[in-house]
Amino acid sequence: MNIFKKVAIVVTGLLMLPIAFNAPSYAADEDFITIGTGGITGVYYPVGGAICRLVNKNRKEHGLRCTVESTGASVFNANAIGAGDLTMGIVQSDTQYYAYEGKEGFAKANKDLRVLFSLYAEAFTLVARDDAKINSFKDLVGKRVNIGDPGSGNRSTMLLLMNEYKFTPKTFSLATDLKPAEMAGALCDNKIDAYVYVVGHPNGSIKEAATTCNSHVVPVEGAEVDTFLKKYAFYPKATIPAGMYKGTDKNVNTFGPRATIMASSKLSDTVAYETVKAVFENFDEFKKLHPALETLTKEEMLTGNTAPFHPGAIKYFKEAGLMK
């Protein structure tokens, strides 16, 4: 089943779940959960839908209703949580660090950010047209490159790595800020030579590029990357398996953060608890709702964070024996 069908299944599942008219309710502003995700062709959107599906599954018991919202991804989500515009959001672990500490584009530290749990590892993925002759990050010099839409984790991570190579947007013949849903089309229409995407795999945009035009995933490794990873320890190395995409026949070495579910300390312990419980007590079902979730373990979902856990999450983890 391809990624687009899986998205449709998740969204359809949300729409078909029953509404509990007689359910107990919390405060009026907390019985409706909105999870900020990313572009609809990315992994954040269907994974957010998977979380909502499990929360809504037990609506009669807890009275919560969950929906997903397509957004500009990590940076947007962190800011929107801080402003009270989103209940929760999916945020890269690096963006989580910057938002909590007030660094790299965040005007001030947001010490109210709290973690519910981590998700899958996200690989910094460089996709290029075969005819552009791009086989390393250095080969992007003078090329047409999509560096990510403003407010996204793609953009923030790309700018940090560019700095390590002493690149600026002027290093490229064209630097675009397309959204994830636009990237594969632009690549195959020969409007850009390459794009970067910090994302879990398999991914719909990359599959679209691989099947629509001659393209491949480029390794991101070398001395500059090693120095970069020492400087930013929350980026572990990552590997994109061979054969996952047409045109990419060998394992691709790169790096990447983890996707995390974040909220605010202002969120009630009860809502945080019920959200975490819905995922962890339906864990096998959760892992089947998207390929990026298939290899998750409960233990690793408590790792990779730089902000504190929400007390409601801690309560569940202790009850489940996952935290002392």
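Each reported figure results from applying straightforward, stated rules to the coordinates on display, with no laboratory input. As the structure is a computational prediction, the values presented were derived from the model and not from experiment. Here the Cβ is made from the backbone with ideal geometry for all residues, glycine too, and neighbour counts use every protein chain on show.
A few notes on this one:
- Extension gain from Lys288 to Lys191, taking 0.36 nm per residue of separation minus the Cα-Cα distance: 31.3 nm
- The magnitude of the dipole of the chain, with charges of +1 and -1 set on the Cβ of Lys/Arg and Asp/Glu and taken from the Cα centre, is near 160 debye.
- Listed residues Asp177, Asp85, Asp94, most fluctuating in the chain (Gaussian network, C-alpha, under 10 Å): Asp85
- Among the trypsin sites (Lys or Arg not before Pro) found in the range 257-314, those both in a DSSP coil and sparsely packed, with 15 or fewer other Cβ atoms within 10 Å of their Cβ, are Lys266, Lys298.
- Candidate cross-link partners of Lys230 among the aspartates and glutamates, defined by an alpha-carbon separation under 16 Å and a same-chain spacing of 8 or more, comprise Asp94, Glu164, Glu221.
- With the charge dipole of the range 171-324 set up from +1 on Lys and Arg Cβ and -1 on Asp and Glu Cβ about the Cα centre, the Cα lying farthest toward the positive end among the listed residues Val271, Ile192, Leu289 is that of Val271.
- Flagged links, alpha-carbon separation over 30 Å, of Lys166/Lys191; Lys287/Lys315; Lys237/Lys315: Lys237/Lys315
- Relative contact order %, the chain, counting alpha carbon pairs below 8 Å whose residues are six or more apart: 23
- Under the Karplus curve 6.51 cos²θ - 1.76 cosθ + 1.60, θ = phi - 60°, whole-Hz ³J(HN,Hα) for the range 90-96, x wherever Gly or Pro sits: 8, 9, 4, 5, 6, 5, 4
- Qualifying trypsin sites (Lys or Arg not before Pro) in the range 60-158, where qualification requires a DSSP coil assignment and no more than 11 other C-beta atoms within 10 Å, comprise Lys103, Lys108, Lys133.
- Relative contact order [Cα under 8 Å, 6+ residues apart], the range 181-235, whole percent: 31
- Extension gain for the segment Ala233 to Asp249, taken as residue separation times 0.36 nm less the Cα-Cα distance, is 2.9 nm to one decimal.
- Stretching Lys266 away from Leu159 to a fully extended chain increases their span by 35.4 nm, per 0.36 nm per residue minus the current alpha-carbon distance.
- For the range 64-75, 3J(HN,Hα) per residue [Karplus equation, 6.51 cos²θ - 1.76 cosθ + 1.60, θ = phi - 60°, Hz, x = Gly/Pro]: 8, 10, 10, 9, 10, 10, 6, 9, x, 5, 3, 5
- Dipole of the chain, positive direction: furthest Cα of Met244, Ser205, Ser70, with charges on the beta-carbon: Met244
- Shape box of the chain [Cα atoms, principal axes, largest first, Å]: 60, 40, 32
- Its residues counted as N, the range 123-255 yields a C-alpha radius of gyration over 2.2 N^0.38 Å of 0.95.
- ³J(HN,Hα), Karplus 6.51/-1.76/1.60, whole Hz, each residue of the range 206-222, x for Gly, Pro: 6, 5, 4, 5, 5, 8, 8, 9, 6, 8, 7, 8, 9, x, 10, 8, x
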